[in-house]
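Visitor: I am attaching a structure below and will ask some questions about it afterwards.
Just so you know, all these numbers are worked out from the coordinates, no wet-lab data involved. Quick caveat: nothing in here was measured; it's all calculated off a predicted structure.
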Amino acid sequence: MMKRVVMRSLVRTQRRLFFYNSSSSFTQRLQFFQSAAGFCNQSEIENQAPPPRPEEDYDVVIVGGGMVGAAVGCGLASSAMTRGLRVAMIDSSPKQPTFRKHDPNAIPDQRVSAITPATVRFFQDVGAWEGVLSARPTPFDSMQVWDYGGLGFTRYKAEDVGEPLLGYVVENNVLLAALHSCLQSVGSIETMNPAQVKSVMFPSSSNLSPTQTKEAAESNGKQDWAQIELADGRRLRTRLVVGADGGKSAVRSMAGFQTRGWQYKQTAVICTVKVEWEHTTAWQRFLPTGPFALLPMGGTFSNIVWSTSPEIAQELKLMPSVDFVVEANRALLEDYGSQPYSGLAELLSSGLGKQLFGSELGTQLLGAFTPSSAEQFQVPPRVMDCVTERLSFPLSLLHATKYVNHRVALVGDAAHTVHPLAGQGVNLGFGDALALVNTLHRGVEGGFDIGEERVLKEYENERKKTNMTMMALLDGFQKLYATDFGPLNIARAAGFNTVNLLGPLKKQIITYAMG
């Protein structure tokens, strides 16, 4: 617009000069006006909207470059059967995550995940675990859970199931940087960032038979593919859209998937703190307003995940750090009932217990217990200082009624969100990534169209069963401990003590939680 105004002014000025200059010939004046007109026409063309770009074709387009979306990309790139697929990942982040040199004195970020051995194996298989190790993730080998009333507790140890570790606590930015570094090293995944999805159009249905091949599908033309338009005007066509764009998934909405769930009326406050001594235990105390978790982060650093009412959460975020430390210690160590006690644990660890269980019958009885059954309640370390900003987020349960349809599959929080009380959210997402990659592997191996709903149903059936089981358990725990009622409190404590003493049941719980 400004260029047009300037040109008009120049034309008027030159016109006066030509008309009032007697030495200017008619031909000169005519050539000038032709040149000026041509320039103005060119200016108008430059200001017109560019023509639509031609569509680019892909086998898979992953919408979302977070941890789970990047994990799907790494899985596809590391599989010999899917490595040849043309894959793009649309990431709204303005820059790629990068590793920072490990510094044991550096303050860890407050956004962390407790990853299971199953997640570790996935990272190892796709070639991303070495990157995580370079940042020195914090291993934990035990977990202690107890009721605020002081009537019962349960200790879990990796030794109970013959393993060295229960898992690792890792900063989310480390996990993300390791996955993106893996993607860059393989070089077969095209990452578009920063990029925003403007719209996704899915075909209404498929006319393919259950045994029809990819070649047969192509004979129907690519109008059966999903079409993606980006905010910058780029247009993509793809056999499969993977929605990895989080709990407020635009892909899920544009695919027309329904969800079920509810708000917990709780908010989680997270931060990094320093504690009085180094530990390798994940501590969790159930309070009337929600669970309080303290996770090891290496050295004397720890991470707090404190689920409470929105009103209290706001107060915790805004109060001075000194006051927050006081409140954290009250929640973890001081308020409500006394610390739990186990008479049987004391008996098992005593000289009398060793004599009692030294016989053949006693040895058989002892086999029903685990090493942690003989341990008394361990007092967690006190919080000494809050060293990061306190962040918060509302807690909810959400589950998509479908994970897949023709040309689309949801993974991670786009398909399900859970309460963080057991730290299982991201592990479920990585499980989705592995299962989807395996399903696509088998689809390519069989020569089928990988975007066909009939192919993708295998992924949905596998993951729905696993995810819904875990969601039901976590939701049940949340509701059970959100109720403060005398007889129920006693029943909860009895449940803690029963799990702590029954070795077979405890082993099943540990094995399931480890993936």
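Visitor: Viscosity 1.002 mPa s, temperature 20 °C: what is the translational diffusion coefficient of the range 253-303 from Stokes-Einstein with a Kirkwood Rh over Cα pairs, rounded to a whole number of µm²/s?
Guide: 155
Visitor: How big is the convex hull of the Cα atoms of the range 412-470, per residue, in Å³?
Guide: 65
Visitor: Separate question: D for the range 425-515, whole µm²/s, Stokes-Einstein with Kirkwood Rh over alpha-carbon pairs at 10 °C and 1.306 mPa s: what number?
Guide: Reported coefficient: 99 µm²/s.
Visitor: Output ³J(HN,Hα) for the range 377-387: one whole-Hz value per residue in order, computed from phi by the Karplus curve 6.51 cos²θ - 1.76 cosθ + 1.60 with θ = phi - 60°, and x for Gly and Pro.
Guide: Values per residue, Gly and Pro as x: 4, 9, 7, x, x, 6, 7, 9, 7, 9, 10 Hz.
Visitor: Something else: What residues have an amide H closer than 5 Å to that of F153, excluding those fewer than 5 places away on the same chain, when H is modeled at 1.01 Å from N in the peptide plane?
Guide: Sorted by chain and number, the residues that satisfy this are N497.
Visitor: Could I ask something else about it? Amide H neighbours of E56 under 5 Å, counting only residues 5+ apart in sequence or on other chains, H built in-plane at 1.01 Å?
Guide: R235, L236, R237
Visitor: Tell me whether the range 99-174 comes out rounded, prolate or oblate; compute the Cα gyration tensor, take square roots of the eigenvalues as a ≥ b ≥ c, and use a/c under 1.5 as the rounded threshold.
Guide: Taking the square roots of the gyration eigenvalues as a ≥ b ≥ c, the range 99-174 is oblate.
Visitor: Pop out the ³J(HN,Hα) list for the range 278-294 in order, Karplus 6.51 cos²θ - 1.76 cosθ + 1.60 with θ = phi - 60°, rounded to Hz; leave Gly and Pro as x.
Guide: 5, 8, 10, 10, 8, 9, 8, 10, 8, 10, x, 8, x, x, 10, 10, 10
Visitor: Using the Karplus equation 6.51 cos²θ - 1.76 cosθ + 1.60 (θ = phi - 60°), what ³J(HN,Hα) coupling, rounded to whole Hz, does each residue of the range 307-312 give in order, writing x for Gly and Pro?
Guide: 9, 8, 5, x, 5, 5
Visitor: Amide H to amide H under 5 Å from A226: which residues, 5+ apart in sequence or cross-chain, H placed 1.01 Å off N in plane?
Guide: Placed amide hydrogens put T238 under 5 Å from A226.
Visitor: Given a cut-off of 21 Å, name the pairs among K157/K506; K157/K265; K157/K464; K265/K506; K464/K507; K198/K248 whose C-alpha atoms lie farther apart than that in the structure shown.
Guide: Listed pairs above 21 Å: K157/K265; K157/K464; K265/K506; K464/K507.
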